[in-house]
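In what follows, a single structure is set out as structure tokens and then discussed.
The values are calculated or read from the model by the stated rules, or taken from the named source; none is laboratory data. All of these numbers come straight from a predicted model, not from anything done at the bench. Neighbour counts run over all protein chains shown; Cβ positions are idealised from the backbone, glycine included.
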Amino acid sequence: MTTFSIGEADFLRDGAPHRILSGAIHYFRVHPDEWADRIRKARLMGLNTVETYVAWNAHEPRRGEWDAAGPNDLGRFLDLVAAEGMDAIVRPGPYICAEWHNGGLPVWLTRDDRIRLRSSDPLFVAEIGAYLRRVYEIVAPRQADRGGPVVLVQIENEYGAYGDDAAYLAELVRITRDSGITVPLTTVDQPQDGMLRDGSIPGLHRTGSFGSHTAQRLATLRAHQPTGPLMCSEFWDGWFDWWGGVHHTTSAEDAAAELDALLAAGASVNIYMFHGGTNFGLTNGANHKGRYLPITTSYDYDAPLDEAGDPTPKFHAFRAVIAKYAPVPAEEVPPRGPRPVAEAPLRALGSWTDAPAAPATHTDPPSFEELDTLAPLVRYETELPAATGDGWRLLSFGEVRDAAQVSVDGVPVGRISRTAGERSLRIPDGRRLTVLVEEQGRVNYDHRLGEPKGLIGGAALGGEPLRDWTATPIDPSAAAAALGTAEPVGHARPGPSAWSAEVALDAPSDLFLDTAGWGDGYALVNGFLLGRYRRTGPQRTLYVPSPVTRAGANTVTVLELHHLDDATVRLVPAALLGPAEE
């Protein structure tokens with residue numbers, strides 16, 4: 001058993017001063033068969049602790065359907081941290097931001113307009129209480145004083161940037177302590193006076209989140225946390241990317257210098273991220289600070305360990321800094337062997353978005369939430385009124401969230417993009433209107449959490465309301481499975497099209513799937529949904545974890561929304577994340 005507490009100047013481990021040298025690894029962004037590898041490499045860089053958020057919507061995507069197995073097995077992840085001889089920090093939110101879908105909050109929760117999110121509203125407290133108790137059933141028996149690895153638990157997440165409801169934070173503390181959590185509790189906020197003041201309450205240890213100007217940030221933090229250890233619990237060593245932007249990087253030398261300054265000041269640290277991982281499937285978030293910007297599938301973050309788990313120059317630079325302040329293992333990370341390089345032609349399998357229409361009709365287009373769907377696509381359809389005028393009319397919507405492909409009588413006639421600020425287009429006369437709407441990522445920050453998706457605010461043609469819609473959710477994984485062993489159909493028709501290829505491997509291997517010749521859509525390998533790809537970049541490859549591959553034939557399925565420039569599957573040896581901005 002180990003005691004872990006906060007003293008007048010230091011963290012205390014069994015009564016002795018202790019410095020936390022931590023790195024962030026989100027178990028939900030890493031294939032579970034690769035958890036042990038990533039944790040071991042954290043130790044080899046010189047870290048003694050691994051930190052993770054807990055994503056509520058990964059564990060409970062539908063209310064009451066709790067999942068803590070397989071990729072959601074938080075207990076197994078913490079046990080692997082312990083097996084490596086390391087400590088753990090758990091940050092269960094309930095809000096986590098993390099550039100993760102809806103900031104970690106389930107859609108079934110945020111769709112309820114009666115609930116005031118991230119507040120002491122009794123409706124919200126009741127829901128988060130049930131969630132946190134489930135998490136703490138996993139965490140409590142794994143605390144340090146019970147022989148486990150967990151030494152800190154965080155309350156909420158950068159709350160001072162959102163609100164100042166002290167009663168809410170007190171409720172989180174009460175639930176946490178009543179659930180058997182005995183280790184010290186922390187909060188984190190950016191080192192600004194207002195945020196540090198509003199984001200914590202007495203009894204919680206304040207920490208900071210920053211990646212530069214270390215001396216100034218620590219001084220501000222110390223003004224609000226006059227006793228105990230200083231800690232940067234999010235040391236930003238890189239940044240995230242969004243579609244249509246650039247790949248954000250930071251200089252290894254500059255980041256190492258800031259880490260050196262932090263450790264020289266005697267502070268503890270959690271490196272965010274040590275290993276970023278991947279927004280597999282449909283889990284990417286989005287930012288909206290005046291413009292909607294969905295996050296890329298890659299969460300490489302320019303971290304010390306890249307998306308495939310390989311050390312970067314930043315890994316070695318950080319290791320050298322840490323060695324000045326703490327013992328670093330003599331063992332080096334062994335070099336990875338070559339990855340396979342291959343290509344194969346894609347075969348067109350026909351459309352994948354023409355599932356039978358939902359039988360129910362709606363006066364106005366329903367939101368995704370009203371349909372109670374977690375699918376990223378809904379196909380809206382209605383009959384057009386009789387033609388008048390010159391053969392073209394203006395189709396308009398209150399708002400499209402987040403992108404739409406519009407067809408008349410089965411022929412694509414245009415697209416609408418929320419990111420581009422578009423809400424309308426001119427369409428030709430016809431009989432049947434189809435609008436395929438894609439939810440491209442739920443906002444993970446500030447007061448747009450939980451905003452509805454779909455055709456919001458109704459639709460009009462030539463200024464007259466369009467009524468009587470069908471709305472059919474379309475799930476990429478289900479669509480890929482339904483294709484099964486479909487025979488090739490020759491050339492693809494305009495609009496969404498499915499494609500497949502077989503790629504032979506001598507053995508399972510990490511891969512990078514090159515999407516540069518494709519448009520917008522989704523890719524799967526052996527039925528595993530890798531995530532989204534987009535023509536706008538910057539990301540040009542999708543990471544394929546070794547555990548989803550196999551010796552022999554591997555099926556690559558591409559679900560394209562628009563068109564392919566190059567109907568070829570290419571496996572390349574390294575990630576192509578786009579032009580970099582330091």
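Picking from H205, H213, which residue would you name as being more than 30 Å from H248 (Cα to Cα) and either more than 27 Å from the chain's Cα centre (by Cα) or not small (G, A, S) (or both)? Of H205, H213, the one residue that is more than 30 Å from H248 (Cα to Cα) and either more than 27 Å from the chain's Cα centre (by Cα) or not small (G, A, S) (or both) is H205.
Has segment 536-543 got any residue that is closer than 19 Å to A404 by Cα and in the same structural domain as V569 (by TED's automatic domain parsing)? Yes, the conditions are met somewhere in segment 536-543.
Of the numbered criteria (1) among the charged types (D, E, K, R); (2) in contact (Cβ under 8 Å) with a residue 12 or more places away in the chain; (3) assigned to a loop (DSSP other than H, G, I, E, B), the one R134 fails is (3).
Quickly run through segment 119-158 and pick out the residues that are of a type in the set (K, R) and either at pLDDT below 95 or within 27 Å of F235 (Cα to Cα) (or both). Lay out the reasoning, then the answer.
To start, the set of residues in segment 119-158 that are of a type in the set (K, R) comprises 133-134, 142, 146.
Passing the criteria: only R142.
Let me confirm something: among R467, R423, which residue is under 29 Å from the mean Cα position of the chain (by Cα), surrounded by fewer than 22 Cβ atoms within 10 Å (Cβ to Cβ), modelled with pLDDT of 95 or more and over 30 Å from N554 (Cα atoms)?
Values: R467 fails: under 29 Å from the mean Cα position of the chain (by Cα).
On inspection, the qualifying residue turns out to be R423.
Just a yes or no: is a residue in segment 198-219 within 30 Å of T419 (Cα to Cα), aromatic (F, W, Y) and in the same structural domain as P122 (by TED's automatic domain parsing)? Within segment 198-219, one or more residues are within 30 Å of T419 (Cα to Cα), aromatic (F, W, Y) and in the same structural domain as P122 (by TED's automatic domain parsing).
Mind listing just one residue for me: the one in segment 473-515 that is touching a strand residue (DSSP E or B) at 6+ places or on another chain (Cβ under 8 Å), modelled with pLDDT of 95 or more and in a loop (DSSP other than H, G, I, E, B) and, of those, farthest from E343 (Cα to Cα)? The selected residue is D475.
Could you tell me which of the residues R13, R111, R63 is surrounded by fewer than 19 Cβ atoms within 10 Å (Cβ to Cβ), over 24 Å from G211 (Cα atoms) and touching a strand residue (DSSP E or B) at 6+ places or on another chain (Cβ under 8 Å)?
Values: R111 fails: touching a strand residue (DSSP E or B) at 6+ places or on another chain (Cβ under 8 Å); R63 fails: touching a strand residue (DSSP E or B) at 6+ places or on another chain (Cβ under 8 Å).
Within the list R13, R111, R63, the selection yields R13.
Selection over segment 550-562 of residues that are buried (at least 21 other Cβ atoms within 10 Å of the Cβ) and either more than 25 Å from G245 (Cα to Cα) or β-branched (V, I, T) (or both) gives a count of 4.
Of all strands (runs of 3 or more DSSP E) completely enclosed by segment 214-306, which ones contain at least 1 residues that are under 28 Å from D37 (Cβ atoms) and in contact with a Lys or Arg (Cβ under 8 Å, 6 or more places away or on another chain)?
Where strands (runs of 3 or more DSSP E) fall fully within segment 214-306 and carry at least 1 residues being under 28 Å from D37 (Cβ atoms) and in contact with a Lys or Arg (Cβ under 8 Å, 6 or more places away or on another chain), they are 231-236, 268-275, 285-288.
Screening I96 on (1) buried (at least 20 other Cβ atoms within 10 Å of the Cβ); (2) in a helix (DSSP H, G or I); (3) not polar (S, T, N, Q) shows it passes everything except condition (2). When the residues of segment 350-407 are narrowed to those that are at pLDDT 95 or above, in contact with a helix residue (DSSP H, G or I) (Cβ under 9 Å, 6 or more places away or on another chain) and assigned to a strand (DSSP E or B), which ends up farthest from L293 (Cα to Cα)? By that ranking, first place goes to H362. Scanning for something at negative phi, touching a Lys or Arg at 6+ places or on another chain (Cβ under 7 Å) and surrounded by 21 or more Cβ atoms within 10 Å (Cβ to Cβ), does segment 563-574 turn up at least one residue? Taking every residue of segment 563-574 in turn, none turns out to be at negative phi, touching a Lys or Arg at 6+ places or on another chain (Cβ under 7 Å) and surrounded by 21 or more Cβ atoms within 10 Å (Cβ to Cβ).
Residue check: is I416 outside any loop (DSSP other than H, G, I, E, B) and farther than 21 Å from G521 by Cα? Walk me through it before giving the result.
Numbers: outside any loop (DSSP other than H, G, I, E, B): yes; farther than 21 Å from G521 by Cα: no.
Taking the combined requirement at face value, the residue does not satisfy it.
Could we say that D164 is outside any helix (DSSP H, G or I), among the acidic types (D, E) and modelled with pLDDT of 95 or more here?
Values: outside any helix (DSSP H, G or I): yes; among the acidic types (D, E): yes; modelled with pLDDT of 95 or more: yes.
Yes: the conditions hold for D164.
Residue pairs whose Cβ atoms lie under 9 Å apart, separated by 6 or more positions or on different chains, with the first residue in segment 6-17 and in contact (Cβ under 8 Å) with a residue 40 or more places away in the chain and part of a strand (DSSP E or B) and the second exposed (fewer than 11 other Cβ atoms within 10 Å of the Cβ) and not aromatic (F, W, Y), are I6/T227.
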